[in-house]
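The next block holds one structure in the form of structure tokens; read it before the comments.
The values are calculated or read from the model by the stated rules, or taken from the named source; none is laboratory data. Given the structure is predicted, the values throughout are model-derived calculations rather than measurements. Virtual Cβ from ideal backbone geometry, glycine too; neighbours counted across all protein chains shown. With ligands, DNA and RNA removed, areas are computed over all heavy atoms of the protein, side chains included. Shrake-Rupley method; radii C 1.70, N 1.55, O 1.52, S 1.80 Å.
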Amino acid sequence: MKTQVNGEKLEINIDRLMGRLQTLAGIGGIAGGGVCRLALSNEDRLGRDRVSGWMRELGLQVSIDRIGNVLGLRSGTGAGQVVLTGSHIDTVATGGRYDGTLGVLAGLEVIATLNDAGIRTRKPLGVGFFTNEEGARFAPDMMGSGVHQGALDLETMLEVEGIDGRKVGDTLREIGYAGSAPVGTFRADSYIELHVEQGPVLEQAGVIIGAVEGVQGISWTEYRLSGTSNHAGTTPMALRQDAGYVAAAVGVEARKLALEMGGSQVATVGVLELKPNLVNVVANEALLTVDLRNTDEEKLQAAEARIKEAIDRIAAQEGVGVSSRRLARFEPVAFDPQVISLVESTARRLGYPVRRLPSGAGHDAQMFAPNCPTGMIFVPSQGGISHNIAEFTRVEDIKAGADVLLQTLVNRAQ
Ligand code: HGY
Ligand code: MN
Ligand code: MN
């Protein structure tokens, strides 16, 4: 095993990486080429088994922690903290095959490439996949990496009830991934994550590599509205307490505030459920979620205040009760300037056009940023599409991203 790493000439094996992406996409695969591997589901278990199997085949030391995060570690010629990469393998219910999985499998491809070349880096290397990054079944998102890095409390997260009424702790045990490794104390030398952009910026700029500057703030709130069910035909408009109307009005208000605030402000009503949900009955109950994001914390707080005022005002006018529950709240995060520059210079050295940009989506990397030098590498999403079965990234862009990941990790590990 050579100890000197002349990593400059190393390249990943794109066929091997695409083969693993294809295999993993088949676990929880859905019609149209998408993937449904909700966190802590049976499909997630099968995906976890598959990826940790690959970790062992690559000679990694595999550990599972108390919230099911899985780390594969490769010793270095020297001791010291681990240069870590990774992402997540859980998906939303209508997910694509690259969101999260690309970062995990590209990390494994880096290990396989170093193994093939007989190279041992000075610092240890690691590849991880973190539990429930999506937050689609159990909120908040970035749950596993948040617990791993001490931003979220383990016991509180194990008690979280999902959209199907199941608990994180129970489902984690059921799939056999309630590990024993401690959480909250692991500190990496650095953390670098490859991920698809999930937005239109790189593609529109004709750029292949994104040197990510940070992650915007995220605010998720669930609202339960309670009115009075009544006959759709006989009830005069002035006498209604229509939860369905208030819910719809919130969606309009959310869109209005995002357009008026402009900049990076976005607002989404992603969940909207009415009861009794019948054509001729005024709804007495509504459940909805509001997802607000902004790169600026003050503006995000202003958006939260505006939507709260609107909901309280409209509901009061309609005589509808409101209760709310915070599902997730993360402030904007800035990545490490040196890591951002390393991604940029590495992309340029390899001949790929590169630009800086913030991340619109949340990522596991944001949980590492307060604790170690952290950065991300983006590759383009075709049409900016993600959280959609049509999510697609070109093979040549995947190769570019994985080669930049290889070189940045080797650079950090020497
Ligand atoms: O919601 C997000 O930004 C991430 O996909 N969990
Ligand atoms: Mn993701
Ligand atoms: Mn996602």
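The table that follows gives values for the structure above.
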| read-out | value |
| --- | --- |
| Selection count where residues are surrounded by fewer than 22 Cβ atoms within 10 Å (Cβ to Cβ) and either over 21 Å from Arg16 (Cβ atoms) or in contact (Cβ under 8 Å) with a residue 40 or more places away in the chain (or both), scope segment 42-53 | 3 |
| Which numbered condition Ile89 fails, given (1) away from ligand 2 (no atom under 16 Å from the Cβ); (2) under 20 Å from Arg56 (Cα atoms) | (1) |
| Entirely in segment 123-200, the helices (runs of 4 or more DSSP H) that have 1 or more residues that are away from ligand 2 (no atom under 16 Å from the Cβ), surrounded by fewer than 24 Cβ atoms within 10 Å (Cβ to Cβ) and in the same structural domain as Leu409 (by TED's automatic domain parsing) | 154-158, 168-174 |
| Close pairs (6 angstrom Cβ cut-off, 6 or more residues apart or separate chains): free of Cβ contacts under 8 Å to residues at least 60 places away in the same chain in segment 98-111, near ligand 2 (Cβ under 9 Å from one of its atoms) and open to solvent by less than 10 Å² (accessible area, probe 1.4 Å) anywhere | Val104/Ser87 |
| Selection count, segment 292-314, where residues are open to solvent by less than 30 Å² (accessible area, probe 1.4 Å) and in contact with a Gly (Cβ under 7 Å, 6 or more places away or on another chain) | 2 |
| Qualifying positions in segment 201-224 - open to solvent by less than 10 Å² (accessible area, probe 1.4 Å) and either in the same structural domain as Leu272 (by TED's automatic domain parsing) or closer than 17 Å to Gln265 by Cα (or both) | Gly214, Val215, Gly217, Ile218, Ser219 |
| Residues that are more than 16 Å from ligand 3 (Cβ to nearest atom) and in contact with a Ser or Thr (Cβ under 7 Å, 6 or more places away or on another chain), drawn from segment 284-324 | Asn284, Glu285, Val290, Leu292, Asn294, Thr295, Leu300, Glu304, Val320, Gly321, Ser324 |
